[in-house]
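Data first, discussion second: the structure below is written as structure tokens.
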Amino acid sequence: MDYTQQIEEILDKIYDLPNSDAKVALLEEAIRIADSQSDIEQAFWLRKDLIDAATFSGNKLKALIHFTWCVTQVDKYAEVEKYNFTEEDILWEYKWVLDNVAAYPTISKQKIYELLEDMKRRYTKNGYNLRPYYKLYCNISMEMGEKEKAIHYYELMQKEKPDFNSDCKACDKNFEVDYYIFLKEYEKAISTAKPILDGKMKCAEIPHFTYSYLLFPLHTLGKHEEAMEIQQKGYRLISQSKEFVLALSRHIFFLSLVDVKKSLTIFKKHFLWGYETLQISNKFFYYLSSLVMLKKLSQENTKTITMQFPEIFSLYNENGKYEVATLINWFEQEVQTLAQAFDERNETEYYKKTIQEYLQYV
Amino acid sequence: MNTESHRFKVNLGGMIDLLSNHLYSSPKVYIRELLQNATDAIRAKINQNPNHQGNIFVEVIETKDEFTIMAEDNGVGLTEEEIHRFLAIIGESSKRNELGEAKQDFIGRFGIGLLSCFMVSNEITLITHSEKSPHTMKWIGKPDGTYTIEKVPTPLQHSGTKIYLRSKKEREEYFQYETVKELISYYGGLLPFPIIASNGKQKEQLNDVPVWLQEKNLLPRIEVLEYGKKIFGTEFLDYIPLHSAVGSVNGIAYILPHKVNIAVKSKHRVYLKRMLLSEESENVLPEWAFFVKCIINANDLRPTASREDFYEDEKLQTVQEELGNCLRNYLVTLAKTDTLRFRKIVAIHYLSIKTLALQDDELYKLFIKYLPFETSFGEYTIEEIFQHKKNILYTPILDEYRQIARVASAQSMLVINGGYIYDAELLEKLPEFFSDVTVERVNPQQITQAFEELTEEEQEQMFSFITLADKTLQKYLCRLEVKRFQPKEIAALYSTNEETTFFRSIEQTKEQTNEFFTSILDSVTPSSIQSSYAQLCCNYNNPLIQKLGTTTDTKFQKLAVEILYVQALLLGHYPLKNNELTILSTGLLQLLEWKTKEN
């Protein structure tokens, strides 16, 4: 069988799959075949598919890796006539990569800014405005806890009208909500979210994330019923894909404040997602929320829990019984180590302070 | 200074343009709006007199260079005062709870609906007679917002309304008799009053109550399936009656006879109060119901402003759940009563059913035995797998499965591919429902570990080869072992795990990216995967390997093991890294040289 046929066969299987590990694996297989035949054109488009499938199935590191390959080929071959891809073909995906890049504490602050500048250069060169660039700059500043910078870039972003390469309305609205929550302007966050909550704006990830972001603000403002309602609705949306591990961590945190048993159930069900994720900032928030939940359990005098941890988990034991105190120690250590790595990279104390903020609810 | 209050002046011509060209997706909807007005007028009349027999008559009159369409109903009609009130003020609708009827009895909003007629005509003439008045009135409206009203000298005999439209230039296509008939059947095919069309020569009734809307306890199966075929052009596997008290919804879900892409939402045909709302509604069924296509009528749901889908509110959500329950109950019953058909449906729609089974324990219990999985023995259902063994081995990663499948069946080992969507999760749940079943996750290296070890003697014979070969492969992050396994034709088996494959793909990408991106890749490579090794397991059953072990030419052994390694990579479709490519280009030449020297 000719290799293009082999690739066709794989693509046939992918056709009816939603974004998932399975789809990513099949695309990786197809890419390996194209690569071993040095078919750069085919390998490029397959990688574009993979970046999409990986981004929306919780495999963002894979998306990043294959993206670097695509950009390099664009730089090498975009002017070569026999190839059909151009620089335009990587602009949209560049946003996904940058959206996620601060999640790895091992990547230096300088490198992140260099990436941002590289993206800016390519957007300008191709005639697109910088709305996405400002948005990402603002988002990265939020992730690093740099409030002034975040405000500055948010304002710049608002001055640019959306164009062809800007995010969808629902994603932009959700970002505004996230921004007001970052500023702790909860009332404003909730009123901003109205079109999303009314179902007038939605996309593949919205309202999924918005629901999870709003749980804590609603709770803080005493809107208990609304919070419980969107918790239920929201959990249904996110419980099937590890893409939403960050959203899950918000559910765990919120529930540990109002219904710790339910929080524990969700923790048990999705622990592996948090444990295995290579997006380290997501892991941090998953562990931090879990820590709050465990401490709440301990306050309510629960001494042990029974659950099926994976065998690779360092505290694993066969009978499945775990001391809550031991688990608390483990999670505490983990979040401290992760926070330190992020704060060192970010040159802020944002992660350390986040731990304190979460733990004050215990 | 006195504060005066003023009113906005609205340019009606502009408004009409806005509504007719932006609200509606096509001028075709003018037929729908005509039917709607007629239907509403008849329903209002029936409310006054439950024995009233409503009917609608539509005639197309063709003259030299234009067409006129006349739509007549025997509904309530309007008095002069009502005309001023309802037809002159946009947004005011006689259906809003005037005339003493409940709001939900009406589907349209007269004022706005009528405006759509200006998309196809420059004048609307309306002749109407209400029992409340002895006079019959004639109203003529223009798109600039002006209208005239006068008494007709010879009044109509009974209450009702006639609307005349004369075709606008370049809109004649919407007045062709065949087109008009088609549009009437399309929008109004389910309306409960007879609709008669005529071109002045012949008359024909265009609607009929379909079998699924007849109030029968048992629907005739063949007729229902025929109806589905007529509407959707597909021979369906089966159908499921749908019912929800909330929203007053009835309908039929047809089971698609082929696999569907679950990422694409299926589109349904929906009617509101028996008038077609949309053929592309996506929101009436729950998301997981991608294996059916449905046709439904709702009497009590809210349409969107353009009346082209249902408005998403809580009521609609409840309806979604109710209809979802209908589908679920059907499957549960079918599994007990008609196993053959049930299996057929599972075989086609297993992806959809797998999603369902994961979300719902009861459905899991019901379906799991019949669901197909890919195994090293071929495609098996769980039931067939159980017949083979109760200790289930699976690998959750496709790439690992590929490596295992090549040798597992030769060792009579049944391994399931859990790399497809939902499969690993479904398998993991098995012990919860079957107490005698255990489930174990395996990787290729565990499989090779289970291969038969060499005897002491054989080990001694191979010792120097193993030491040398293992050392040679170090630089490729690969370990070497020699064991016995089937089939003997395979000289060496390359196996990796998730980490090594991932690391390999990063290393390979780095060779093809520029300096800046290479440095990014360096900084994001997780430290946990950097120390993981692949494995090359040589097969002692293969004569070539035995010979390699006994030769004393270490240079040749080294070369041979590198070539075995590269060959194993190529077999597994792994793109080669630069140092591996060198083996291919120089190693083979060396081998040739060595062979010619020997001769």
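The values are calculated or read from the model by the stated rules, or taken from the named source; none is laboratory data. Just so it is clear, the model here is predicted, and its values are computed rather than measured. Heads up, the Cβs are rebuilt from the backbone with ideal geometry, glycines too, and the neighbour counts pull from every protein chain shown.
Data table
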quantity	calculated
The stretch B:253-304: number of residues that are within 13 Å of chain A (Cβ to nearest Cβ) and either touching a Ser or Thr at 6+ places or on another chain (Cβ under 8 Å) or among the aromatic types (Phe, Trp, Tyr) (or both)	7
Test: residue in the stretch A:292-304 that is within 14 Å of chain B (Cβ to nearest Cβ), surrounded by 13 or more Cβ atoms within 10 Å (Cβ to Cβ) and farther than 30 Å from A:GLN110 by Cβ	no
B:VAL260 being hydrophobic (A, V, I, L, M, F, W, C) and in a helix (DSSP H, G or I)	no
Residue check for B:PHE433: away from chain A (no Cβ under 14 Å), among the aromatic types (Phe, Trp, Tyr) and over 24 Å from B:ALA560 (Cα atoms)	yes
Residues of the stretch A:95-135 satisfying the condition of being within 12 Å of another protein chain (Cβ to nearest Cβ), closer than 13 Å to A:VAL71 by Cβ and surrounded by 20 or more Cβ atoms within 10 Å (Cβ to Cβ)	A:VAL97, A:LEU98, A:LEU115
So A:GLU334, is it assigned by TED's automatic domain parsing to the domain that holds A:LEU255 and assigned to a helix (DSSP H, G or I)	yes
Close pairs (6 angstrom Cβ cut-off, 6 or more residues apart or separate chains): farther than 25 Å from A:ARG236 by Cβ in the stretch B:342-369, aliphatic (A, V, I, L, M) and part of a helix (DSSP H, G or I) anywhere	B:PHE342/B:LEU334; B:PHE342/B:ALA335; B:LYS369/B:ILE382
Which numbered condition B:ASN417 misses (of (1) within 14 Å of chain A (Cβ to nearest Cβ); (2) at pLDDT below 90)	(2)
Identity of the residue in the stretch B:170-189, in a loop (DSSP other than H, G, I, E, B) and surrounded by 15 or more Cβ atoms within 10 Å (Cβ to Cβ), that ends up nearest to the chain's Cα centre (by Cα)	B:GLY189
Hey, B:THR552 within 14 Å of chain A (Cβ to nearest Cβ) and assigned to a loop (DSSP other than H, G, I, E, B) or not	no
Hits in the stretch B:555-569 (condition: of a type outside the set (Phe, Trp, Tyr), without any contact (Cβ under 8 Å) to a residue 40 or more places away in the chain and either farther than 15 Å from B:MET462 by Cβ or within 14 Å of chain A (Cβ to nearest Cβ) (or both))	B:LYS555, B:LEU559, B:ILE563, B:VAL566
Strands (runs of 3 or more DSSP E) contained in the stretch B:437-543 and holding at least 1 residues in contact with an Asp or Glu (Cβ under 8 Å, 6 or more places away or on another chain) and within 14 Å of another protein chain (Cβ to nearest Cβ)	B:438-441
Any hit, the stretch A:255-267, residues being β-branched (Val, Ile, Thr), assigned to a helix (DSSP H, G or I), touching a Ser or Thr at 6+ places or on another chain (Cβ under 7 Å) and in contact (Cβ under 8 Å) with a residue 40 or more places away in the chain	no
Meets criteria (outside any helix (DSSP H, G or I) and either over 30 Å from A:THR337 (Cβ atoms) or in contact (Cβ under 8 Å) with a residue 60 or more places away in the chain (or both)) for A:LEU91	no
Residue satisfying all of: in the stretch A:214-246; surrounded by fewer than 22 Cβ atoms within 10 Å (Cβ to Cβ) and aromatic (Phe, Trp, Tyr); nearest to the chain's Cα centre (by Cα) among these	A:TYR235
Selected residue [touching a helix residue (DSSP H, G or I) at 6+ places or on another chain (Cβ under 9 Å), under 29 Å from A:ALA22 (Cα atoms) and not charged (D, E, K, R)] from B:GLN535, B:GLN567, B:GLN557, B:GLN546	B:GLN535
Residue check for B:VAL319: at pLDDT 90 or above and of a type outside the set (Lys, Arg)	yes
Selected residue (only one of B:LEU225, B:LEU219, B:LEU213 is out of contact with any helix residue (DSSP H, G or I) (no Cβ under 8 Å at 6 or more places or on another chain), of a type outside the set (Phe, Trp, Tyr) and modelled with pLDDT under 90)	B:LEU213
In the stretch B:67-99, residue modelled with the lowest pLDDT [restricted to those that are over 15 Å from B:ILE124 (Cα atoms) and among the acidic types (Asp, Glu)]	B:GLU98
Which listed residue, of A:ILE40, A:ILE51, A:ILE10, A:ILE31, is more than 25 Å from A:SER239 (Cα to Cα) and buried (at least 20 other Cβ atoms within 10 Å of the Cβ)	A:ILE31
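Okay, residues lined up against (1) in contact with a Lys or Arg (Cβ under 8 Å, 6 or more places away or on another chain); (2) over 30 Å from A:SER57 (Cα atoms):
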{"site": "B:SER412", "(1), (2)": "no, yes"}
{"site": "B:LEU427", "(1), (2)": "no, no"}
{"site": "B:VAL442", "(1), (2)": "no, no"}
{"site": "B:GLN445", "(1), (2)": "no, no"}
{"site": "B:THR448", "(1), (2)": "yes, yes"}
{"site": "B:GLU453", "(1), (2)": "yes, yes"}
{"site": "B:GLN461", "(1), (2)": "no, yes"}
{"site": "B:LYS471", "(1), (2)": "no, yes"}
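Yes/no per residue for (1) assigned to a loop (DSSP other than H, G, I, E, B); (2) facing another protein chain (nearest Cβ under 8 Å); (3) of a type in the set (Ser, Thr, Tyr):
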| residue | (1), (2), (3) |
| --- | --- |
| A:GLN5 | no, no, no |
| A:GLU8 | no, no, no |
| A:PRO18 | yes, yes, no |
| A:ILE33 | no, yes, no |
| A:ARG47 | no, no, no |
| A:ALA63 | no, no, no |
| A:THR68 | no, yes, yes |
| A:THR72 | no, yes, yes |
| A:LYS76 | no, no, no |
